[in-house]
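A.B. asks: Below are the structure tokens for one structure; questions will follow.
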Amino acid sequence: MEAFLHQLFSGLATGGIYAALALALVMIYQSTHHINFAQGEMAMFSTYLAWTFIDAGVPYWIAFVATVGVSFVLGVIIERVVVRPVEHAPVLSVVIVFIALLVILNSVAGWIYSYTIKTFPSPFEWEAVRNPYLAPHEIGTVGVTVVVLLLLYAFFRYTSLGLAMRAAAQNPVSSRLAGIRVGWMLALGWGLAAAIGAIAGMMIAPVVYLDPNMMSGIMLYAFAAALLGGIDNPIGAVIGGFVVGVVENLAGAYVVGTELKLTVALVLIIGVLLFKPSGLFGRRYVTRV
Amino acid sequence: MGTLLEVKDLHAGYGPTDVLRGVGFAVTEGGITTILGANGAGKTTLLRAVCGLVRRRGYVHFAGEAIESRVTEDIVRLGLAHVPDGRGTFTMLSTEENLRVGAITRRDRKAVEQDMARMYGYFPRLAERRAQQAGTLSGGEQQMLAIARALMLRPKLLVLDEPSFGLAPLVVQDIFRIMRTVNREEKVSILLVEQNARLALELADTAYLLETGQVALSGAAADLRNDETVRAAYLGY
């Protein structure tokens, strides 16, 4: 029983990471109807930035805040420089651009930092909370994820900028007619997605270690989470993230074994696309032809 | 009375084709101008050209500023509120959030709250639907919401694209009554495109008749109402 609960709770902890990354995917999907395949590599790159700060002797939390800030700015720049020019391009061109971004970020990270696996510190090393169910880092991860999700919810629900971003994602023409600078709202969305990714990267790096390919498996789970929850539903994506985290962990421990864990994500993705393409909480669109 | 909006020799269209070929018209400060015309005459394109939603060239001055090369967001911020055809509802937002989006460029928070209350006064139905998702409102309610959202900008000019389209006669009467009130009491000038020529000519002081991208006829609304061709073609008596 103890072992089962341990698997369950640690599933929730990694689920939080998937939830955050899935949310970042959904945010960009909602406003542009594109899946940002480079989301994981952006997060990986941010994590290397954090490593650079920490390696230079900057205290963890200062490095954390600095990384989130720099990632936000980089996200905005990527939207302005890379994504904006293909705004009206066919969907496949955009996919190619995202994949190029993925490959470029991956290679540049390997080039600067080498492909040698590095350790990444966890800020949560409390002895006091030792217990059989959850490691301190897992508790910390859940805490950080919940805070991030609550902050995002409050931002979109209660601030005027959040409202403008929601409006711009839903109806760009009407938004422009209300005076909203829609282009900047998209750039801000990319900035936020990059910042969320940075946090997710820093939280998962102590577990999977730091290397340029650290996010490949994680992003598969995040895609599964976003699809499961409904690719256009932020709350669905978050729930999907936690569900995928728990299912992955339990399946790894009791069903397929850790070696085949990743297939769980693929089975989920294919299963959702086959049987419920709109996801658990997504909207179904009916088009008249 | 000064001129609030002045348009001369306006060409506009989509892709390589021009829909408007040298259109000129004006809206006086505090006035109501209506643009009449058949389907495909270029009425909607005209409104879109004024606020920069389509490719255009020509002379467009609003509130003393040249706006023919400005982007939509900046034109709106000068005080031009456009109620687009199809109403442009933010379907996933609540009624109240839709109104807040209308006032999103404003910084005077207290006045925004007062205006919100004033809109609920004009349109009590919207007050009842305050927290409801706007996409679930009826067509008439969405039209009211679109007008209220535009008024939340505190515009100098309210631009309306076929506000009566697809609505029950009683709802149309209601909407026209409120437009008149807004014009008289809040001194908001109005530029109205309308298929219902009879209603539009009753409300407006100046009218233009658009035919295949050009102004075929213009003058005081009362004169156009008595014009033989207008009567035969657009009023049907």
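Only the coordinates and a few stated rules stand behind these numbers; no lab work does. Please read these numbers as outputs of a predicted model, since none were measured by experiment. Here the Cβ positions follow ideal geometry from the backbone for every residue, glycine too, while neighbour counts run over all protein chains shown.
A.B. asks: Taking the criterion of being closer than 30 Å to A:Arg166 by Cβ, touching an Asp or Glu at 6+ places or on another chain (Cβ under 9 Å) and crowded, with 23+ Cβ neighbours inside 10 Å, would at least one residue in region B:15-38 satisfy it? Before the answer, list the steps.
C.D. replies: Residues of region B:15-38 closer than 30 Å to A:Arg166 by Cβ: none.
No, because not a single residue in region B:15-38 is closer than 30 Å to A:Arg166 by Cβ, touching an Asp or Glu at 6+ places or on another chain (Cβ under 9 Å) and crowded, with 23+ Cβ neighbours inside 10 Å.
A.B. asks: Filter region B:129-176 down to the residues that are in a loop (DSSP other than H, G, I, E, B), of a type in the set (D, E, K, R) and under 15 Å from the mean Cα position of the chain (by Cα) and list them by number. Explain how you work it out, then say what you get.
C.D. replies: Initially, region B:129-176 is screened for residues in a loop (DSSP other than H, G, I, E, B), giving B:129-132, B:137-138, B:152-156, B:162-168.
Retained after the next criterion (residues that are of a type in the set (D, E, K, R)): B:129-130, B:154, B:156, B:162.
Matches in region B:129-176: B:Arg154, B:Lys156, B:Glu162.
A.B. asks: Taking region A:179-190, which residues are within 7 Å of another protein chain (Cβ to nearest Cβ) and either in contact with a Ser or Thr (Cβ under 7 Å, 6 or more places away or on another chain) or part of a helix (DSSP H, G or I) (or both)?
C.D. replies: A:Gly179 - this is the single residue of region A:179-190 that is within 7 Å of another protein chain (Cβ to nearest Cβ) and either in contact with a Ser or Thr (Cβ under 7 Å, 6 or more places away or on another chain) or part of a helix (DSSP H, G or I) (or both).
A.B. asks: Restricted to region A:153-178, and to residues that are more than 7 Å from chain B (Cβ to nearest Cβ) and more than 15 Å from B:Met92 (Cβ to Cβ), which residue is surrounded by the fewest Cβ atoms within 10 Å (Cβ to Cβ)?
C.D. replies: Filtering region A:153-178 for residues that are more than 7 Å from chain B (Cβ to nearest Cβ) and more than 15 Å from B:Met92 (Cβ to Cβ), the one surrounded by the fewest Cβ atoms within 10 Å (Cβ to Cβ) comes out as A:Tyr158.
A.B. asks: Okay, moving on. Does A:Ser278 meet the test of being touching a residue at least 40 places away in the same chain (Cβ under 8 Å), surrounded by fewer than 23 Cβ atoms within 10 Å (Cβ to Cβ), among the small types (Gly, Ala, Ser) and more than 28 Å from A:His6 (Cβ to Cβ)? Steps first, answer last, please.
C.D. replies: Values: touching a residue at least 40 places away in the same chain (Cβ under 8 Å): yes; surrounded by fewer than 23 Cβ atoms within 10 Å (Cβ to Cβ): yes; among the small types (Gly, Ala, Ser): yes; more than 28 Å from A:His6 (Cβ to Cβ): yes.
Criteria met by A:Ser278.
A.B. asks: Looking only at residues that are assigned to a loop (DSSP other than H, G, I, E, B) and either more than 7 Å from chain A (Cβ to nearest Cβ) or hydroxyl-bearing (Ser, Thr, Tyr) (or both) in region B:73-92, which one is surrounded by the most Cβ atoms within 10 Å (Cβ to Cβ)?
C.D. replies: B:Arg87
A.B. asks: Mind checking which residues of region A:236-263 are closer than 20 Å to A:Thr141 by Cβ and of a type in the set (Val, Ile, Thr)?
C.D. replies: Passing the criteria: A:Val238, A:Ile239, A:Val243, A:Val244, A:Val246, A:Val247, A:Thr258.
A.B. asks: It is to be established whether one or more residues within region A:213-230 are closer than 30 Å to B:Leu99 by Cα and either out of contact with any helix residue (DSSP H, G or I) (no Cβ under 9 Å at 6 or more places or on another chain) or within 14 Å of chain B (Cβ to nearest Cβ) (or both).
C.D. replies: Residues of region A:213-230 closer than 30 Å to B:Leu99 by Cα: A:229-230.
If we keep only those that are either out of contact with any helix residue (DSSP H, G or I) (no Cβ under 9 Å at 6 or more places or on another chain) or within 14 Å of chain B (Cβ to nearest Cβ) (or both) too, we end up with A:230.
Yes.
A.B. asks: Would you mention how many residues in region A:39-66 are surrounded by fewer than 24 Cβ atoms within 10 Å (Cβ to Cβ) and either within 15 Å of the chain's Cα centre (by Cα) or among the small types (Gly, Ala, Ser) (or both)?
C.D. replies: Number satisfying all stated conditions: 4.
A.B. asks: So, B:Asp108, is that one more than 14 Å from the chain's Cα centre (by Cα), closer than 19 Å to A:Leu163 by Cα and surrounded by fewer than 18 Cβ atoms within 10 Å (Cβ to Cβ) or not?
C.D. replies: When the stated conditions are applied, B:Asp108 passes them.
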